[in-house]
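Structure first, then comments.
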Amino acid sequence: MTIATSEIPVPGTTRRTGGVVGTLAFTWWFLRRYPVIPVIILITLVITAFIGPIVAPYPRDSGWLGDRHLPPFTTTSDEEKLAADAKGQLYLTGFHLLGTDHIGRDTFTRVLHGARISMMVVGVSLGIGFTVGTTLGVISGYFGGWTDEIITRFVDIWFALPFLLVALIMTLIFGRGLPVLMVVLALISWTAFVRILRSQALILREMDYVAAARIAGAGPIRIMWRHIFPGLLNTAIVVATLNVGGLILAEATLSFVGAGIQPPTPAWGVMVSSGRDYLGDAWWQIVMPGGAIFLVVISLNFLGDWLRDRLDPRLRQVD
């Protein structure tokens with residue numbers, strides 16, 4: 001009896017089938033094994049952040065009051081009108097892909113600009129948090145003793161502080177604005193790195209290669225930089241990826257309550273906050289920036305889970 005090659009199961013793979021069913025099965029397996037959709041969404045975000053404001057069809061902060069609350073995929077009633085931006089320059093109004101807000105500003109344009117602002121805020125704050133948190137985590141895990149106790153207790157106290165209250169107090173003291181928001185987000189991003197990397201450093205410092213480096217005369221700084229930090233880098237990348245979603249939500253929350261980026265700057269949280277009073281008349285003012293926040297956060301969470309499974313040998317999945 002002859003057996004078709006396409007029906008022979010291969011160890012470590014799914015059962016092969018031909019035709020449409022086989023194509024669909026392979027596509028489903030590929031999407032489950034690799035974060036294709038999240039990566040596409042994140043690449044789109046990065047491209048949008050870089051070129052979005054350049055290709056935006058309308059000025060960022062100006063609108064025509066006659067076009068207020070236009071639904072998505074709508075063209076102005078007079079097809080084209082002349083409107084003036086904040087600098088007094090005239091521009092044409094016409095088709096609005098995602099509608100307009102309560103003062104006639106194009107929602108699609110403001111979402112494009114909001115991508116750059118959100119990415120800039122999160123990137124700077126996460127970079128500061130990554131540097132500070134990783135450094136303290138490695139120091140705490142390597143030295144142990146009183147050093148570990150002081151750093152760990154400080155992290156516990158910091159976790160106990162209400163984040164929103166701290167942000168509001170800093171806003172009252174230093175004022176509102178982009179730099180203050182970056183500092184606030186950096187203050188909440190470093191703690192996750194300390195706790196997780198400390199536990200990893202406690203394990204790595206007992207490894208034979210670390211003991212050999214110590215016997216060879218290497219100092220604490222060299223051991224932490226050349227021998228312990230490389231072993232923690234994979235974990236730090238995963239923690240950073242999972243933290244980005246939380247930072248985007250934190251930025252949106254602070255902007256929503258008025259402690260973050262201030263209008264008319266089109267951060268996604270600001271757009272949601274500005275549109276909450278018009279939810280019954282113009283739902284797209286909240287749904288469009290809110291949907292962008294949702295897609296980015298869930299994509300980053302999926303990518304973080306995938307990186308954790310791939311970079312940690314104990315969690316690496318075969319099928």
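The values are calculated or read from the model by the stated rules, or taken from the named source; none is laboratory data. Owing to the predicted nature of the structure, the values given are computational and were not obtained by experimental measurement. Cβ sites come from the backbone with ideal geometry, for glycine too, and all protein chains shown count toward neighbours.
Just need a number here: residues in the range 211-264 that are small (Gly, Ala, Ser) and modelled with pLDDT of 80 or more.
The first filter runs over the range 211-264 and keeps only residues small (Gly, Ala, Ser), leaving 211-213, 216-219, 231, 236, 240, 245-246, 250, 252, 255, 258-260.
Restricting the remaining residues to those that are modelled with pLDDT of 80 or more gives 211-213, 216-219, 231, 236, 240, 250.
Within the range 211-264, residues that are small (Gly, Ala, Ser) and modelled with pLDDT of 80 or more number 11.
Answer with yes or no whether THR235 is closer than 25 Å to ILE293 by Cβ and either among the hydroxyl-bearing types (Ser, Thr, Tyr) or crowded, with 18+ Cβ neighbours inside 10 Å (or both).
Taking the combined requirement at face value, the residue does not satisfy it.
For the range 52-83, what are the residues that are of a type in the set (S, T, N, Q), farther than 20 Å from GLY114 by Cα and modelled with pLDDT under 80? Once the filter is applied, which keeps residues that are of a type in the set (S, T, N, Q), farther than 20 Å from GLY114 by Cα and modelled with pLDDT under 80, the range 52-83 yields THR75, THR76, SER77.
Close Cβ contacts (under 7 Å, 6 or more residues apart or on different chains) running from residues in the range 48-62 that are charged (D, E, K, R) to residues that are surrounded by fewer than 17 Cβ atoms within 10 Å (Cβ to Cβ) and in a loop (DSSP other than H, G, I, E, B) comprise ASP61/ALA86; ASP61/PRO264. Select, from HIS102, HIS113, HIS96, the only residue that is in contact with a strand residue (DSSP E or B) (Cβ under 6 Å, 6 or more places away or on another chain) and either surrounded by 14 or more Cβ atoms within 10 Å (Cβ to Cβ) or of a type in the set (Asp, Glu) (or both). After applying the criteria, what remains is HIS96.
With the structure loaded, tell me whether SER125 is at pLDDT below 85, closer than 24 Å to LEU254 by Cβ and assigned by TED's automatic domain parsing to the domain that holds VAL297 or whether it fails that test.
Working: at pLDDT below 85: no; closer than 24 Å to LEU254 by Cβ: yes; assigned by TED's automatic domain parsing to the domain that holds VAL297: yes.
No; evaluated as a whole, the condition is false for this residue.
Are any of the residues in the range 276-283 within 22 Å of the chain's Cα centre (by Cα), surrounded by fewer than 21 Cβ atoms within 10 Å (Cβ to Cβ) and at pLDDT below 85? Within the range 276-283, not a single residue is within 22 Å of the chain's Cα centre (by Cα), surrounded by fewer than 21 Cβ atoms within 10 Å (Cβ to Cβ) and at pLDDT below 85. Residues satisfying the criterion are present in the range 184-202 (criterion: aromatic (Phe, Trp, Tyr) and crowded, with 17+ Cβ neighbours inside 10 Å).
Residues checked against (1) without any contact (Cβ under 8 Å) to a residue 24 or more places away in the chain; (2) touching a helix residue (DSSP H, G or I) at 6+ places or on another chain (Cβ under 7 Å); (3) closer than 25 Å to THR191 by Cα; (4) part of a loop (DSSP other than H, G, I, E, B):
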| position | (1), (2), (3), (4) |
| --- | --- |
| THR235 | no, yes, yes, no |
| GLY245 | no, yes, yes, no |
| GLN262 | no, no, no, yes |
| GLY280 | yes, no, no, yes |
| MET288 | no, yes, no, no |
